[in-house]
1. At positive phi and in contact with a Ser or Thr (Cβ under 7 Å, 6 or more places away or on another chain) - does that describe any residue in the range 265-280?
2. Only one of 162, 166, 211 is under 30 Å from residue 50 (Cβ atoms), in contact with a Phe, Trp or Tyr (Cβ under 7 Å, 6 or more places away or on another chain) and not in a loop (DSSP other than H, G, I, E, B). Can you tell me which?
3. Residues that are open to solvent by 40 Å² or more (accessible area, probe 1.4 Å) and under 27 Å from residue 27 (Cβ atoms): which helices (runs of 4 or more DSSP H) entirely in the range 256-361 hold 3 or more of them?
4. Of everything in the range 90-102, what is touching a residue at least 40 places away in the same chain (Cβ under 8 Å) and closer than 21 Å to residue 116 by Cα? Give them in sequence order.
5. Out of the range 172-191, which residues are touching a helix residue (DSSP H, G or I) at 6+ places or on another chain (Cβ under 7 Å) and open to solvent by 10 Å² or more (accessible area, probe 1.4 Å)?
6. Filter the range 167-182 down to the residues that are touching a residue at least 40 places away in the same chain (Cβ under 8 Å) and more than 13 Å from residue 325 (Cβ to Cβ) and list them by number.
7. Taking the conditions exactly as written (more than 20 Å from residue 95 (Cα to Cα), surrounded by fewer than 16 Cβ atoms within 10 Å (Cβ to Cβ) and modelled with pLDDT of 95 or more), does residue 36 satisfy them or not?
8. If you scan the range 31-49, which residues turn out to be of a type in the set (A, V, I, L, M) and closer than 20 Å to residue 74 by Cα?
Amino acid sequence: MLRHLFNRSKPDVLFLSSSPIDEVWTRTTALACHASGLRVEVAICADADAHTQRLLAPYAEQGIRTHDGISFANAAKINSRIAVTASSGLDRNIFPTRAGYFIHMPHSLASLHMIYPAGAFDGYDMLFEAGPQHAAEYAAITGQNRATPKPSYAIGYGKLDVLQQVLDLRATRTSERPLVLIAPSWGADNLLDNCGVALAKALVAQGCDVVVRPHPLFFLDKAPVLEVLQTLAQEQAGIHIESPFAGDDAIFDADILVGDYSGISFEFAALHRRPVVSVNVGLKIANPEWQVFDLEPVEIACRALLGPVVPADVDAIVTAVRSALGRAATPDAAIASFLHGKPGHCGALAATAIKNILTQN
């Protein structure tokens, strides 16, 4: 009897985030699992504050047990059958879970083998692929030193579920001035440091409104260009800065996105089917050995499917923006090259996969 009661109280799935910013990628899967009758808990291993409490409130309203301000060691004591995370670089040494499966859901549509450090995905037992690129990359990464690669499942991209839900409820933006979202990635020779300030000025001079959304690392590293941008936004009407820690408004309203190699370019294209202008700056490389896998990263291979690819020259970028604004919607085949399913479908697919895994084991 006691063993039966213990098993009933044991959660089926723990959804873990090492930072509040990672929670959105697993949100719809956690809610779908709960709605399907699975026992779910959600933990954010970061300091408890008003922001994390706001993120966790919708789970508590559904009767899902939540944890914030919890260490990895204490989160691992939540004896779930499966643990799921969108946080990269974790393993059972950092998070010593006894769960039968530790599953990763990628928090970017970009490549796994170039923009993450070597070994960033070694600690997981399986992958819920966001797109077909991840199937090939995960097989190559995990098969490198194993007789057989670790398993992966075609699931989709959880953040797009949330973005689609918000988009469906938003009023359509109406303005005579096009809105350009500048969303660069991080690292040396990035778009923002290269020509972002001059580009924002030039686009406003061409009759556009501009939102600059730097990568989170710009804020965490207190990059000097942020101060320049903040001054510019105060002095120049039509230029705004959006922090990724404060929301996603610009991705819903923008008519076009200018990026380099960031995954947000693919999110924008999948959500709206609107054009993306990609700028050739330095590659974003965290794994210097990425070429041994002989797989072209999606952020290189598929950029031309989303819109023009141009040099890091302000005039060339502005010209590409003006011409691309009238471009036809990005076709389904282009989206399918980097995304499984459609925005809004990921949570249900992931919940079904989790139930199947639990049933088989």
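The values are calculated or read from the model by the stated rules, or taken from the named source; none is laboratory data. Treat the numbers as computed from the prediction; the structure is a model and nothing was measured. Every residue, glycine among them, receives a Cβ derived from its backbone with ideal geometry; neighbour counts consider all protein chains shown. Keep in mind that these areas ignore ligands, DNA and RNA; they rest on the heavy atoms of the full protein, side chains included. Shrake-Rupley method; radii C 1.70, N 1.55, O 1.52, S 1.80 Å.
1. Start the filter on the range 265-280 by keeping residues that are at positive phi, which leaves 273.
Imposing the further condition that a residue be in contact with a Ser or Thr (Cβ under 7 Å, 6 or more places away or on another chain) reduces the set to 273.
Within the range 265-280, one or more residues are at positive phi and in contact with a Ser or Thr (Cβ under 7 Å, 6 or more places away or on another chain).
2. Within the list 162, 166, 211, the selection yields 166.
3. Because the criterion is at least 3 residues that are open to solvent by 40 Å² or more (accessible area, probe 1.4 Å) and under 27 Å from residue 27 (Cβ atoms), the helices (runs of 4 or more DSSP H) in the range 256-361 that meet it are 346-360.
4. 90, 95
5. If the condition is that a residue be touching a helix residue (DSSP H, G or I) at 6+ places or on another chain (Cβ under 7 Å) and open to solvent by 10 Å² or more (accessible area, probe 1.4 Å), then 173, 179, 186 are the ones that fit.
6. 167, 170, 173, 182
7. On the way: more than 20 Å from residue 95 (Cα to Cα): yes; surrounded by fewer than 16 Cβ atoms within 10 Å (Cβ to Cβ): yes; modelled with pLDDT of 95 or more: yes.
Yes, satisfied.
8. The answer is 40, 42, 43, 44, 46, 48.
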